[in-house]
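Below is one structure; the comments refer to it alone.
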Amino acid sequence: MSLISCLSEGCNLWIMDSINSSDSLVGPSGTSGAEIAPIGALRDSSRASSPITIALIGLRHIIKHATNGTPHMADWRPILKRRDSGFPRIMGVLNITPDSFHAGSRAENVQVAVSRALNMAAEGADWIDIGGESTRPGATEVSLEDEANRVIPVIEAVREVLPEMGISVDTRREYVARLAINSGADMVNDVSSLSDPGMVDLIVENDCPVCLMHMKGIPGNMQKDPKYGDVLREVRDHLQVASMKLIDKGLDPSNIVVDPGIGFGKLLEHNLSLLSSGRSVMPVEGMNLMWGVSRKSMFRHMLGRDNSEDRLAGTLGVAAMASEKGVDIIRVHDVAEHNDLFSMMGGIR
C-alpha cells in the first residue's frame, strides 16, 4: 500500500512509497517510523527492488534499509546516456589533490571545492567527478585514510548544495568507494577496473553505476614504453573481463560505463587508434562510453603543447568528434567551453 505525503515546503515534493509496517527507519526531526525527503525534479523512482522503496533526490541522497543497511540510491542511468541532442553528457573534474597534473582542477579545501562544484553546475555539468588520489603518470599512491579524508567531506558538502547533480567518486579502493556511496556519490569511477577484490560486491550490492577504465600497469610505471599487438582488441578484452565480473553477479550492463583510458599506459598512436575506434571498444551491448582526454599529454606529443594550460584547443577538437563517435560522457576540466562547443555545433546542424 503506497503512502504519499505532500507537504508545503517551498517547491519541494515529499514522497514516500511502499512502506511496510514492520520496517523502521530513523527519520529527520518531526518524522517518525520512516524518513521522507524532497525529490525536486525526480529523474526516476522506479528502480529499487526491496520491500521498501523511497524515491529520493534531495536534502539527503542516501537512505538505508534498517534490516540490512543497504543504501538505496536514486536511479541515475538516464544521465549515463548521451544527451537527447546526441552530444555527450559533461563530467567536470574536481581533484582534492595537491599533485594532479592540471593545476586548474585542484581544490585545496572543502570551501573551494564546493565553490568549484557550484560553478561547474552553473556552466552545464551533468556530473562532477571527485577524486582524492592523483593517477597522473608517475604518481605515487596515497593512504586509504588520506584519500578518504580528502574526498568524503567534499562529497557530503557538494551533495548538500547540489542535490540533483550526478556525483562520481574517482577511486580504485572499495573502502573509499563504500564511504563515498554512503555519503551521496552516485557512481564509482574506477581507473583500475575492479583491481580491489571488494569492489565487485560493493557495486553489485548497491546496484551502483560504475565506470571501468583500461590502464596498462599502474600510474607509477604505465608510461614506461607501453607496447601492444592490437591495442583495440587488448583494451576491449580487458574491459570485457572486468565488466563480466559485475554482469555475472547481476549488474545490468546499462549501469556500466567503459573508458578506453586515453593516456593511461598508451603512446600517441595508441590513443589516436582508440579515439578513432569510438564505440568499437565496447565489450557488451547496452553499456555506455566515456572519454577522458582533457588537457592530457597527447597534446604535447601531437601539437607541441608542453603546458597543460595550453591544451584547451586540442581538447575541444577531440570533443567535437565525440558525438560522431557515440560518446556518452566526456570528462573535462573546462565545463563552460565544452557546453558552448556542443551548443554551437547543435545550432549549426
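Residues that are part of a loop (DSSP other than H, G, I, E, B) and surrounded by fewer than 24 Cβ atoms within 10 Å (Cβ to Cβ) within region 264-286 comprise G265, L267, M282, P283, V284, E285, G286, listed in sequence order. State whether the residues of region 286-295 include one that is touching a His at 6+ places or on another chain (Cβ under 9 Å), over 17 Å from V231 (Cα atoms) and in contact (Cβ under 8 Å) with a residue 40 or more places away in the chain. Yes.
Across region 170-202, the number of residues qualifying as among the β-branched types (V, I, T) and out of contact with any helix residue (DSSP H, G or I) (no Cβ under 6 Å at 6 or more places or on another chain) comes to 2.
If the condition is being in a strand (DSSP E or B) and at pLDDT below 90, then region 99-137 contributes only R106.
When region 306-321 is filtered for residues that are buried (at least 19 other Cβ atoms within 10 Å of the Cβ) and either hydroxyl-bearing (S, T, Y) or in contact with a Gly (Cβ under 9 Å, 6 or more places away or on another chain) (or both), the ones remaining, listed by number, are S308, T315.
Of all residues in region 286-322, those being within 16 Å of V257 (Cα to Cα) and out of contact with any helix residue (DSSP H, G or I) (no Cβ under 7 Å at 6 or more places or on another chain) number 4. Out of V231, V161, V210, V235, I need the residue that is assigned by TED's automatic domain parsing to the domain that holds S115, more than 13 Å from the chain's Cα centre (by Cα), touching a residue at least 40 places away in the same chain (Cβ under 8 Å) and more than 22 Å from L272 (Cβ to Cβ). Which one? Of V231, V161, V210, V235, the one residue that is assigned by TED's automatic domain parsing to the domain that holds S115, more than 13 Å from the chain's Cα centre (by Cα), touching a residue at least 40 places away in the same chain (Cβ under 8 Å) and more than 22 Å from L272 (Cβ to Cβ) is V161. Of all residues in region 143-166, those being assigned to a helix (DSSP H, G or I), hydrophobic (A, V, I, L, M, F, W, C) and surrounded by fewer than 23 Cβ atoms within 10 Å (Cβ to Cβ) number 5.
The values are calculated or read from the model by the stated rules, or taken from the named source; none is laboratory data. Everything quoted here is computed from the prediction, not taken from an experiment. Glycine gets a Cβ as well: all are built from the backbone with ideal geometry, and neighbour counts include every protein chain shown.
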